[in-house]
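Peer 1: The structure is given below, and queries will be raised subsequently.
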Amino acid sequence: MNKKKLKDWAFEDRPREKMRLQTAAHLTDVELLAILIQQGNRESSAFDLANELMCRCNHKLSVLARLSIKEIMKTKGIGMAKAAILQAAMEIGRRRMGKEAMKEEVIRDSKMVATYLRTKMMDLPNEVFAVIFLNRANKIKHFEIISSGGMTGTVADPRIIMKKALEEEAVSIILSHNHPSGNLKPSKADQDLTEKIKQAAKYFDINVLDHIIVSNEGYYSFADEGAI
C-alpha cells in the first residue's frame, strides 16, 4: 500500500479540500474518517490509519459504531484522543437519527417507534431491555434502559418497570429489547415476559401498547403480529 503523505497528494484529492470543493457527500467513508483522525504519524497518514481501521471493520460503519474506545485504539497510530473523536462522531449520528425519527413526538405506529429504538440500541454489542414511557397524548415522557445482559439475553423485572412508570406518571408504555444476533423472532421467554409485564401493568391502569424487538436486520412488533 502506498503510504504517501497527504501533503503530497494532489490538492483536490486531499479529504479536507475535496469536502470543501465538492461537499462531504462526495467523500468515501475512509476519507471522512481521515478528516476526523486529522493527523497521522511518521509511518502512516491519517488516510492510512482510517483505511486500516475500516479494513478491521470489514469496511462497514455499523461494525465501527459498535467498537469501544479500547477496541478502536488497537489500530496502531490511533490513540485515546482520536478514538474518542471517532466514537463521539458515531454517537452524534445516532442522536440525530433518533431526534429526527421522533420529531413529531406523538407515537403513531410501530415503524416510527422502531426507527427511534434502533438509533438507541442497534450498535450495542449486548442485549438490553428498555421501556418507552408515554403520557395521555401518546407523547414520549421518558426512555430508559432497564437492564443489560449478555450476547444472548437479558432479564427485566416487572416491579422495576412499574415503579418507573409510576414515577414518570406514564399512562402507557412500550417494551423493547434488541437482538445483537440479528434474529427478530421472539423467544418463549420474550413472550412470557411480555405477558407478565402486561398483567402487572393492569393493576396500575397502565397500558402496554407494544413490545418491539430491534436488530440491524429490522424490527418485530408484538402488536402488529397480534401477539400482545
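Peer 1: Just how large is the dipole of segment 6-97 about the Cα centre, in debye to the nearest 20, putting +1 at every Lys and Arg Cβ and -1 at every Asp and Glu Cβ?
Peer 2: My answer is approximately 420 debye.
Peer 1: Could you pull the Cα extents of the chain along its three principal axes, largest to smallest, in whole Å?
Peer 2: 70, 33, 30
Peer 1: Which is farthest toward the positive dipole end of segment 103-221 among PRO125, ALA170, GLY149, measuring Cα position about the Cα centre, with Cβ charges +1 (Lys, Arg) and -1 (Asp, Glu)?
Peer 2: The listed residue farthest towards the positive side: ALA170.
Peer 1: Now, a different point. Starting from the Cα of SER181, step 7 Å toward the Cβ, then list every residue of segment 127-150 with an amide N under 20 Å from that point.
Peer 2: Under 20 Å, as judged by backbone N against the label point of SER181, lie 127-130, 147-150 of segment 127-150.
Peer 1: Restricting to lysine pairs 8 or more places apart or on different chains, what number in segment 103-221 have Cα atoms under 20 Å apart?
Peer 2: Count of close lysine pairs: 29.
Peer 1: From the helices alone, meaning DSSP H stretches of at least four residues, give me the mean residue ellipticity at 222 nm for the chain, per-run term -39500 (n - 2.57), in deg cm²/dmol to the nearest 500.
Peer 2: Calculated at 222 nm, the ellipticity per residue is -12500 deg cm²/dmol.
Peer 1: Also: If you place +1 on the Cβ of every Lys and Arg and -1 on the Cβ of every Asp and Glu, how big does the dipole about the Cα centre of the chain come out, in debye to the nearest 20?
Peer 2: It works out to roughly 720 debye.
Peer 1: Under a 10 Å cutoff between Cα atoms, tell me which one of ALA137, ALA156, ALA65 has the largest fluctuation in the Gaussian network model of the chain.
Peer 2: Looking only at ALA137, ALA156, ALA65, the biggest GNM fluctuation is shown by ALA137.
Peer 1: Once the Cα atoms of helix 110-121 and of the chain are each reduced to a long axis, what angle between those two axes, in degrees from 0 to 90 to the nearest 10, is obtained?
Peer 2: Approximately 50 degrees, to the nearest ten.
Here, each number is a calculation from the coordinates, and none is a lab measurement. Remember, it's a predicted structure, so these values are computed and weren't measured experimentally. Neighbour counts are summed over all protein chains in view; Cβ atoms, including those assigned to glycine, are modelled from backbone coordinates with ideal geometry.
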